[in-house]
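> Please find one structure pasted underneath; my questions will follow.
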Amino acid sequence: MSLRSPLGKVRGLGSAKEGVVHWWAQRMTAVALIPLVIWFVASIAAMAGADYSTFRDWIATPMVSILLVLLTIATFHHAQLGLQVVLEDYVHTEWLKIACIGLVKFAAIGLAVATIFSIVRIALG
Amino acid sequence: MASQNRPLSPHLQVYKPQLTSVMSIMHRATGIALAVGTLLLLCWLIAAATGERAFNDVQAFNASWIGRLLLLGWSYALFYHLCNGIRHLFWDAGKGFELGAAYRNGWLVVAASVVLTAAAWIWGYASMGAF
């Protein structure tokens, strides 16, 4: 018999020790990505075959830079949350699972920073 | 002691594939593919920030048949994950869960992902002046 209240259980006592935070963040980033992704693919399609300066000028447009940074943050956050669930489902060796999840999270942060740096460099340079 | 005759969930190998189950694993597979494919897109952006030569190299790779094939796969995975993701959001709201509805919106997602991918590529080729 458990002496924990239902509220106590959902507050950080699941297998991930964080309640619904992960689930909720996955949905919020998903909703954010719907318009961002549609805008991005439409823009890329419209610029297919564009040369170097056209592409850079497009990125350097303030609104485009801002949307690209938002897209980057939402994409990498969403991706690492999703990959974490996949690893939790299929990797059953505890140390390996933690190592893989850590690697995915570090990679996501590193790649997101590299992307944002590239956008800012083009926007300001 | 658990009974030896208790029902077990069927192994994947003997489980008849259904639209719903295939679409479910496809959602996960496309999610993983997109995470990897995003790296390709990142190369493009980083190349644009690096310089004209690096950018032209990436553009040349994207224009090659292998590059186009990867972009085609990436774009289909993106549209599939986008459409099926929206289906998931409706499910999260408790809508479209009945068996008939799940099949109907499943086929809708399949059709929409194909149509959107085709539309994006036609648009892309049109902006390159292919038509």
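The values are calculated or read from the model by the stated rules, or taken from the named source; none is laboratory data. Quantities reported herein were computed from a predicted structural model and do not represent experimental measurements. FYI the Cβ positions are ideal-geometry reconstructions off the backbone, even for glycines, and counts take in every protein chain you see.
> Which of the residues spanning region B:14-51 are at pLDDT 95 or above and either among the charged types (D, E, K, R) or outside any helix (DSSP H, G or I) (or both)?
Listed by number, the list holds a single entry, B:R28.
> Let me ask something else. So for region A:24-32 (the condition being modelled with pLDDT of 75 or more, more than 8 Å from every other protein chain (Cβ to nearest Cβ), in a loop (DSSP other than H, G, I, E, B) and out of contact with any strand residue (DSSP E or B) (no Cβ under 6 Å at 6 or more places or on another chain)), does at least one residue qualify?
Scanning region A:24-32 turns up no residue that is modelled with pLDDT of 75 or more, more than 8 Å from every other protein chain (Cβ to nearest Cβ), in a loop (DSSP other than H, G, I, E, B) and out of contact with any strand residue (DSSP E or B) (no Cβ under 6 Å at 6 or more places or on another chain).
> Do you know which residues across region B:109-122 are surrounded by 16 or more Cβ atoms within 10 Å (Cβ to Cβ) and either within 9 Å of chain A (Cβ to nearest Cβ) or of a type outside the set (G, A, S) (or both)?
B:V109, B:V110, B:L116, B:T117, B:A120, B:W121
> I'm checking my understanding of the structure. Among residues of region A:86-106 that are touching a residue at least 24 places away in the same chain (Cβ under 8 Å) and not acidic (D, E), which one is farthest from the other protein chains (Cβ to nearest Cβ)?
Filtering first and then ranking leaves A:K105.
> Only one of B:G100, B:G67, B:G96 is free of Cβ contacts under 8 Å to residues at least 40 places away in the same chain and outside any helix (DSSP H, G or I); which?
B:G96
> Only one of these conditions is not met by A:F76: (1) crowded, with 18+ Cβ neighbours inside 10 Å; (2) at pLDDT 95 or above; (3) within 24 Å of B:Y125 (Cβ to Cβ). Which number is it?
So A:F76 meets the others, but not (3).
> Report yes if B:G96 is within 14 Å of chain A (Cβ to nearest Cβ), surrounded by 14 or more Cβ atoms within 10 Å (Cβ to Cβ) and either of a type outside the set (A, V, I, L, M) or touching a Leu at 6+ places or on another chain (Cβ under 7 Å) (or both), otherwise no.
No: the conditions fail for B:G96.
> Say we look at region B:9-40 and pick out the residues that are of a type in the set (A, V, I, L, M) and facing another protein chain (nearest Cβ under 9 Å); which of these is surrounded by the fewest Cβ atoms within 10 Å (Cβ to Cβ)?
Looking at residues that are of a type in the set (A, V, I, L, M) and facing another protein chain (nearest Cβ under 9 Å), I get B:L39.
> I'm trying to understand the selection: among the residues of region B:84-93, which are within 10 Å of another protein chain (Cβ to nearest Cβ) and either surrounded by 13 or more Cβ atoms within 10 Å (Cβ to Cβ) or in contact with a His (Cβ under 9 Å, 6 or more places away or on another chain) (or both)?
If the condition is that a residue be within 10 Å of another protein chain (Cβ to nearest Cβ) and either surrounded by 13 or more Cβ atoms within 10 Å (Cβ to Cβ) or in contact with a His (Cβ under 9 Å, 6 or more places away or on another chain) (or both), then B:G85, B:I86, B:H88, B:L89 are the ones that fit.
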